[in-house]
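The values are calculated or read from the model by the stated rules, or taken from the named source; none is laboratory data. Not measured: the values here are computed from a predicted model. Quick reminder, even Gly has a Cβ in these numbers, built from the backbone with ideal geometry, and neighbours come from all protein chains shown.
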Amino acid sequence: MMRVIVPFVILLFVVGINYGCMKLAIKNPSIISGFKMSNEPRQYELDKSWLELLFKYMRCANIVTLLGGLVGIVCGLQILYYVSLILPISLAVLLAYRQRRIVVGCKGKKSVASIAVFLVIILGSLPLIYVFQSDLKVHFSNDKMEITGLYGRDISLSDVNKVEFCQSLPHINFKTNGFALSKTRLGNFRTKDGDPIVLFTHSDKDFVRITLKDGTIYYLSYKNEKATKRLWQKIQNIIDGKSKNGY
């Protein structure tokens with residue numbers, strides 16, 4: 001559930017910030033970088049026309065961001081999700097300022113570049129900040145172990161065949177539907193030998209290796225080595241307890 005809620009909250013935050021900035025700019029256009037309403041009647045009308053064009057582009061960008069983000073979350077397409085957060089709003093600003101020299105009669109090249117770079121940095125950093133600050137999150141409930149966050153999933157402990165503590169990962173060849181940045185690896189990957197594995201790792205050493213009865217292999221790790229060992233011991237204790245009780 002958390003793997004849906006967190007990206008959804010980030011998506012709503014980006015859309016909400018954009019919508020709030022639009023509303024604020026409507027009431028006070030002077031807050032827009034490099035823009036000031038003219039006092040001359042004819043130029044004022046041109047400025048007003050450009051503002052309406054800017055707001056139109058921004059509204060469309062907000063819709064594309066929301067829809068693209070939702071599709072990315074529901075379908076598990078993280079690339080689509082990230083692109084939806086970054087590109088539509090940035091492109092809307094670029095297109096609007098490109099039209100400004102036609103509608104208003106001024107170039108404003110510096111404003112275009114500065115605003116575009118600012119938006120890309122701010123919006124693009126949101127998912128990266130989330131990933132860098134995140135750590136493995138595991139919750140136990142009855143027979144279920146729930147891994148929350150991006151690409152999170154549920155594992156039935158009755159399906160676990162073996163739990164091991166290992167020092168390293170197999171050589172990763174490529175990701176099939178996953179995310180990798182620095183020490184964080186989330187989702188589905190394939191090893192050099194072509195074997196599929198699922199990673200939820202936040203370190204470069206010390207991992208919990210879980211092998212399910214159907215052959216699926218998971219690697220889990222916290223940023224902290226001791227936390228990873230505690231997880232391994234907890235899973236092993238639960239499985240041993242079930243074995244003693246005849247489950």
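For the range 149-227, which strands (runs of 3 or more DSSP E) that fit wholly inside it have 1 or more residues that are at pLDDT below 90 and out of contact with any His (no Cβ under 9 Å at 6 or more places or on another chain)? Here the list reads 153-156, 172-181, 184-191.
Here the range 84-104 is the region considered, the condition is being of a type in the set (Val, Ile, Thr), at pLDDT below 80 and crowded, with 16+ Cβ neighbours inside 10 Å, and the residue that is nearest to the chain's Cα centre (by Cα) is ILE86.
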